[in-house]
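The values are calculated or read from the model by the stated rules, or taken from the named source; none is laboratory data. Keep in mind that what you see is a predicted model, and the values were worked out from it rather than measured. Cβ placement follows ideal geometry from the backbone for every residue including glycine, while neighbour counts extend to all protein chains displayed. The area values use the complete protein model at the heavy-atom level, side chains included, leaving out ligands, DNA and RNA. Shrake-Rupley method; radii C 1.70, N 1.55, O 1.52, S 1.80 Å.
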Amino acid sequence: MATKNVYVARLLTDNVLAGLSTLDGFSFEVGEEAPPSRAQLLAAVAGKDAAIVTLTERIDEEFFVAAGPQLKVVANVAVGYDNIDVEAAQRHNVQITNTPGVLDGATADHTLALILALCRRVVEADRFLHEGEEWIWGPRMFVGLDVSAGATLGIIGFGRIGRAVAARARAFDMEVLAADTTLTAGEVIDGVEIVSQEELLTRADIVSLHVPLLPATRHLMNAQTIAAMKEGPTSSTAHGAV
């Protein structure tokens, strides 16, 4: 069987690269830790049978033409795939894969870290301390929002990550609301009350976004929705365009 040539656009983790090296019948060209330039990307993929890429690489008509008709698979190391022109991939008969679920727990952990950092003013206090100015503690000093004293978390997007965040938030004795277009307001799922987005924004002390980037979710948080919120923090592990 002829060797299949695969381009790996970024330097992936050691365990992944070690796993790739054990595969028989494949030859891997691995890029650097920094993303390739557009010219480097197009030159490197030429003649390859498959490519492993990340969100920093734009996979479009130009990419498929540069690769050639032997390209069969582009594996995107990400849950999202808005960096890929799926219609162009279909025209060139290239299979696209992604990695849903692989970072659900890690993303939920990071979300809770963001919430705690915002509510407990961790970054602000750290910056103040490193300024080295004279200070004396006072009872109002860096008082933030006590999440375990009845704070309400509103989760917009109650999929895998949203539900993982809810489980962590309930361990902090937070009341949790969720809004999701696929669910019906009034439902209760694992102790989480499903409400409309409008109601969530008016009731939640903290709002956390966990929706994919779609035409309906682009600029989901805007001047109007922010104005409808209670004064308080918003955390997001969603796409920046949300």
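Evaluating LEU23 against the criteria (1) of a type in the set (A, V, I, L, M); (2) more than 30 Å from PRO215 (Cα to Cα); (3) not in a loop (DSSP other than H, G, I, E, B) leaves one unmet condition, (3). All of (1) open to solvent by 70 Å² or more (accessible area, probe 1.4 Å); (2) in a loop (DSSP other than H, G, I, E, B); (3) in contact with a strand residue (DSSP E or B) (Cβ under 8 Å, 6 or more places away or on another chain) hold for PRO69 with one exception: (3). When the stretch 1-12 is limited to residues that are surrounded by 13 or more Cβ atoms within 10 Å (Cβ to Cβ) and either touching a Cys at 6+ places or on another chain (Cβ under 9 Å) or not basic (Lys, Arg) (or both), the one that is nearest to ALA50 (Cα to Cα) turns out to be VAL6.
Here is a yes/no grid of residues against (1) within 23 Å of ARG121 (Cα to Cα); (2) exposed (fewer than 13 other Cβ atoms within 10 Å of the Cβ):
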{"site": "ALA179", "(1), (2)": "no, no"}
{"site": "ASP190", "(1), (2)": "no, yes"}
{"site": "GLN197", "(1), (2)": "no, no"}
{"site": "PRO215", "(1), (2)": "no, yes"}
{"site": "SER236", "(1), (2)": "yes, no"}
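If you scan the stretch 104-118, which residues turn out to be more than 22 Å from ASP173 (Cβ to Cβ) and surrounded by fewer than 16 Cβ atoms within 10 Å (Cβ to Cβ)? Correct list: ALA106 only. Of the listed requirements (1) free of Cβ contacts under 8 Å to residues at least 24 places away in the same chain; (2) in contact with a Phe, Trp or Tyr (Cβ under 7 Å, 6 or more places away or on another chain); (3) open to solvent by 50 Å² or more (accessible area, probe 1.4 Å), HIS92 misses just one: (1).
Scanning the stretch 50-66 for residues that are closer than 26 Å to GLY25 by Cβ and not β-branched (Val, Ile, Thr) returns ALA50, ALA51, GLU57, PHE63, PHE64, ALA66. Of the residues making up the stretch 13-50, just one is under 22 Å from the mean Cα position of the chain (by Cα) and buried (at least 18 other Cβ atoms within 10 Å of the Cβ), namely PRO36. For the stretch 136-163, the tally of residues that are among the hydroxyl-bearing types (Ser, Thr, Tyr) and open to solvent by less than 30 Å² (accessible area, probe 1.4 Å) stands at 1.
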